[in-house]
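The values are calculated or read from the model by the stated rules, or taken from the named source; none is laboratory data. What you see is a predicted model, and the numbers here were worked out from it, not measured in a lab. Don't worry about glycine lacking a Cβ; one is built from the backbone with ideal geometry, like all the others, and counts go over all protein chains shown. The accessibility values were calculated without ligands, DNA or RNA, using every heavy atom of the protein model including side chains. Shrake-Rupley method; radii C 1.70, N 1.55, O 1.52, S 1.80 Å.
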Amino acid sequence: WNALASDAKNSGFNAIRITGFDCNALDLASSAAAAVGIQVLAGIYASEGTIAASLTQINNDVQTFRAAYAKYGAGRYVGLTVGNEVNDSVDNIMAKVYDVRGYLGSVGVTTKVSTVHTWVNIRANPALCGADFVGANAHAFYDGGRTSGQAGDFVFQTVVPALQAACPGKKIYIT
(Lines give C-alpha, C1' and ligand atoms only; values in the text may rest on other atoms or scores of the structure.)
Protein backbone atom coordinates (compact mmCIF):
# COMPACT_ATOMS: atom_id res chain seq x y z
CA TRP A 1 0.00 0.00 0.00
CA ASN A 2 2.81 2.39 0.82
CA ALA A 3 4.49 1.85 -2.55
CA LEU A 4 1.16 2.26 -4.35
CA ALA A 5 0.38 5.54 -2.61
CA SER A 6 3.90 6.83 -3.16
CA ASP A 7 3.85 5.85 -6.84
CA ALA A 8 0.45 7.51 -7.27
CA LYS A 9 1.67 10.75 -5.75
CA ASN A 10 4.93 10.69 -7.72
CA SER A 11 2.90 10.19 -10.91
CA GLY A 12 0.86 13.32 -10.21
CA PHE A 13 -2.25 11.74 -8.72
CA ASN A 14 -3.79 13.25 -5.59
CA ALA A 15 -5.91 10.21 -4.67
CA ILE A 16 -6.11 6.44 -4.85
CA ARG A 17 -9.29 4.41 -5.22
CA ILE A 18 -10.24 1.19 -3.49
CA THR A 19 -13.29 -0.87 -4.38
CA GLY A 20 -13.73 -2.90 -1.22
CA PHE A 21 -12.79 -3.02 2.45
CA ASP A 22 -11.90 -6.70 2.79
CA CYS A 23 -8.42 -7.64 4.06
CA ASN A 24 -8.25 -4.35 6.01
CA ALA A 25 -7.92 -2.45 2.71
CA LEU A 26 -9.52 0.77 3.95
CA ASP A 27 -7.17 1.16 6.90
CA LEU A 28 -4.10 0.16 4.87
CA ALA A 29 -4.96 2.49 1.98
CA SER A 30 -5.85 5.35 4.34
CA SER A 31 -2.61 4.97 6.29
CA ALA A 32 -0.51 4.84 3.13
CA ALA A 33 -2.33 7.83 1.64
CA ALA A 34 -1.85 9.81 4.84
CA ALA A 35 1.87 9.05 4.82
CA VAL A 36 2.31 10.73 1.43
CA GLY A 37 -0.41 13.37 1.71
CA ILE A 38 -2.98 12.13 -0.79
CA GLN A 39 -6.64 11.17 -0.47
CA VAL A 40 -8.69 8.00 -0.87
CA LEU A 41 -11.84 7.41 -2.89
CA ALA A 42 -13.23 4.63 -0.71
CA GLY A 43 -15.55 2.12 -2.32
CA ILE A 44 -17.94 -0.31 -0.71
CA TYR A 45 -18.33 -3.36 -2.93
CA ALA A 46 -21.67 -5.18 -3.07
CA SER A 47 -20.16 -8.59 -2.48
CA GLU A 48 -23.32 -10.60 -3.06
CA GLY A 49 -24.20 -8.99 -6.41
CA THR A 50 -27.27 -6.94 -5.50
CA ILE A 51 -27.92 -4.28 -2.90
CA ALA A 52 -30.48 -6.41 -1.03
CA ALA A 53 -28.26 -9.51 -0.97
CA SER A 54 -25.28 -7.41 0.17
CA LEU A 55 -27.13 -5.33 2.76
CA THR A 56 -25.45 -6.71 5.89
CA GLN A 57 -21.99 -6.42 4.34
CA ILE A 58 -22.68 -2.88 3.06
CA ASN A 59 -23.94 -1.77 6.47
CA ASN A 60 -20.89 -3.31 8.17
CA ASP A 61 -18.63 -1.52 5.70
CA VAL A 62 -20.36 1.78 6.45
CA GLN A 63 -19.35 1.28 10.09
CA THR A 64 -15.80 0.47 8.97
CA PHE A 65 -15.75 3.71 6.99
CA ARG A 66 -17.10 5.65 9.95
CA ALA A 67 -14.24 4.33 12.10
CA ALA A 68 -11.65 5.19 9.43
CA TYR A 69 -13.13 8.67 9.09
CA ALA A 70 -12.74 9.15 12.84
CA LYS A 71 -9.15 7.85 12.71
CA TYR A 72 -7.88 9.64 9.57
CA GLY A 73 -10.14 12.69 9.40
CA ALA A 74 -12.54 14.15 6.88
CA GLY A 75 -9.79 15.46 4.63
CA ARG A 76 -8.44 11.97 3.91
CA TYR A 77 -11.43 11.00 1.76
CA VAL A 78 -12.43 12.32 -1.67
CA GLY A 79 -15.66 10.40 -1.29
CA LEU A 80 -17.35 7.12 -0.50
CA THR A 81 -18.95 5.01 -3.20
CA VAL A 82 -21.60 2.38 -2.59
CA GLY A 83 -21.24 -0.25 -5.25
CA ASN A 84 -19.20 -0.60 -8.40
CA GLU A 85 -21.30 -1.48 -11.45
CA VAL A 86 -23.82 -3.22 -9.20
CA ASN A 87 -26.11 -5.54 -11.13
CA ASP A 88 -29.28 -4.09 -9.63
CA SER A 89 -31.93 -1.54 -10.47
CA VAL A 90 -30.98 2.13 -10.47
CA ASP A 91 -33.71 2.70 -7.86
CA ASN A 92 -32.23 0.11 -5.49
CA ILE A 93 -28.69 1.41 -5.94
CA MET A 94 -29.61 5.03 -5.40
CA ALA A 95 -31.90 4.25 -2.44
CA LYS A 96 -28.93 2.68 -0.66
CA VAL A 97 -26.63 5.57 -1.63
CA TYR A 98 -29.15 8.04 -0.14
CA ASP A 99 -29.57 5.84 2.95
CA VAL A 100 -25.80 5.71 3.55
CA ARG A 101 -25.41 9.44 2.92
CA GLY A 102 -28.26 10.24 5.33
CA TYR A 103 -26.93 7.96 8.03
CA LEU A 104 -23.37 9.26 7.78
CA GLY A 105 -24.58 12.85 7.84
CA SER A 106 -26.62 12.12 10.94
CA VAL A 107 -23.47 11.00 12.78
CA GLY A 108 -21.36 13.95 11.62
CA VAL A 109 -19.53 12.38 8.67
CA THR A 110 -19.29 14.96 5.88
CA THR A 111 -17.72 12.81 3.15
CA LYS A 112 -19.54 12.98 -0.17
CA VAL A 113 -21.34 9.76 -1.14
CA SER A 114 -22.22 8.30 -4.54
CA THR A 115 -21.95 5.10 -6.58
CA VAL A 116 -19.84 4.05 -9.55
CA HIS A 117 -21.21 2.66 -12.79
CA THR A 118 -20.19 2.50 -16.41
CA TRP A 119 -20.36 5.83 -18.20
CA VAL A 120 -22.79 4.33 -20.73
CA ASN A 121 -25.13 3.22 -17.94
CA ILE A 122 -24.97 6.65 -16.30
CA ARG A 123 -25.70 8.36 -19.61
CA ALA A 124 -28.71 6.07 -20.12
CA ASN A 125 -29.93 6.40 -16.50
CA PRO A 126 -29.48 9.98 -15.28
CA ALA A 127 -30.89 8.99 -11.88
CA LEU A 128 -27.34 7.70 -11.25
CA CYS A 129 -26.35 11.39 -11.26
CA GLY A 130 -28.45 12.07 -8.17
CA ALA A 131 -25.83 11.71 -5.45
CA ASP A 132 -23.04 14.07 -4.39
CA PHE A 133 -20.80 13.33 -7.40
CA VAL A 134 -20.67 11.06 -10.43
CA GLY A 135 -18.31 8.09 -10.40
CA ALA A 136 -17.88 6.58 -13.85
CA ASN A 137 -15.89 3.67 -15.16
CA ALA A 138 -14.70 4.42 -18.68
CA HIS A 139 -12.62 1.76 -20.39
CA ALA A 140 -11.65 2.67 -23.93
CA PHE A 141 -10.95 -0.95 -24.85
CA TYR A 142 -14.62 -1.89 -24.34
CA ASP A 143 -15.77 0.69 -26.85
CA GLY A 144 -14.06 -0.96 -29.82
CA GLY A 145 -11.42 0.30 -32.16
CA ARG A 146 -9.54 2.30 -29.50
CA THR A 147 -5.88 1.73 -28.78
CA SER A 148 -4.25 2.54 -25.45
CA GLY A 149 -2.81 5.66 -27.08
CA GLN A 150 -6.34 6.84 -27.85
CA ALA A 151 -7.71 6.30 -24.33
CA GLY A 152 -7.14 9.87 -23.11
CA ASP A 153 -8.87 11.41 -26.11
CA PHE A 154 -11.72 8.93 -25.71
CA VAL A 155 -12.23 9.90 -22.07
CA PHE A 156 -11.93 13.66 -22.53
CA GLN A 157 -13.62 14.04 -25.93
CA THR A 158 -16.36 11.41 -25.62
CA VAL A 159 -17.00 10.27 -22.06
CA VAL A 160 -16.68 13.50 -20.06
CA PRO A 161 -18.87 15.59 -22.43
CA ALA A 162 -21.54 12.84 -22.43
CA LEU A 163 -21.55 12.75 -18.61
CA GLN A 164 -21.62 16.55 -18.36
CA ALA A 165 -24.71 16.52 -20.57
CA ALA A 166 -26.38 13.74 -18.57
CA CYS A 167 -25.40 15.13 -15.16
CA PRO A 168 -25.26 18.94 -15.43
CA GLY A 169 -23.32 20.65 -12.67
CA LYS A 170 -22.04 17.44 -11.05
CA LYS A 171 -18.42 16.76 -10.18
CA ILE A 172 -17.31 13.82 -12.32
CA TYR A 173 -14.68 11.29 -11.32
CA ILE A 174 -13.50 8.85 -13.98
CA THR A 175 -12.62 5.86 -11.89
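Filter region 122-166 for residues that are of a type in the set (S, T, N, Q) and open to solvent by 20 Å² or more (accessible area, probe 1.4 Å) and give the result. Talk me through it step by step, then tell me what you get.
Taking region 122-166 first, the residues of a type in the set (S, T, N, Q) are 125, 137, 147-148, 150, 157-158, 164.
Across region 122-166, the qualifying residues are ASN125, THR147, SER148, GLN150, GLN157, THR158, GLN164.
Within the option set ASN125, ASN92, being at pLDDT 95 or above, more than 22 Å from ASN24 (Cα to Cα), touching a helix residue (DSSP H, G or I) at 6+ places or on another chain (Cβ under 7 Å) and polar (S, T, N, Q) holds for one residue only, ASN125.
Pairs are defined by a Cβ separation below 9 Å, a sequence spacing of at least 6 or placement on different chains, a first member in region 1-28 that is under 19 Å from ASN137 (Cβ atoms), and a second member that is open to solvent by less than 70 Å² (accessible area, probe 1.4 Å) and in a loop (DSSP other than H, G, I, E, B); the pairs so defined are ALA8/ILE38; PHE13/ILE38; ALA15/ILE38; ILE16/ILE38; ARG17/THR175; THR19/THR175; GLY20/SER47; ALA25/THR19.
Considering region 77-121, the residues that are part of a helix (DSSP H, G or I) and in contact with a strand residue (DSSP E or B) (Cβ under 6 Å, 6 or more places away or on another chain) include one that is surrounded by the fewest Cβ atoms within 10 Å (Cβ to Cβ), namely ARG101. Summed over region 6-28, the residues that are within 20 Å of GLU85 (Cβ to Cβ), in contact with a helix residue (DSSP H, G or I) (Cβ under 8 Å, 6 or more places away or on another chain) and part of a helix (DSSP H, G or I) give a count of 1.
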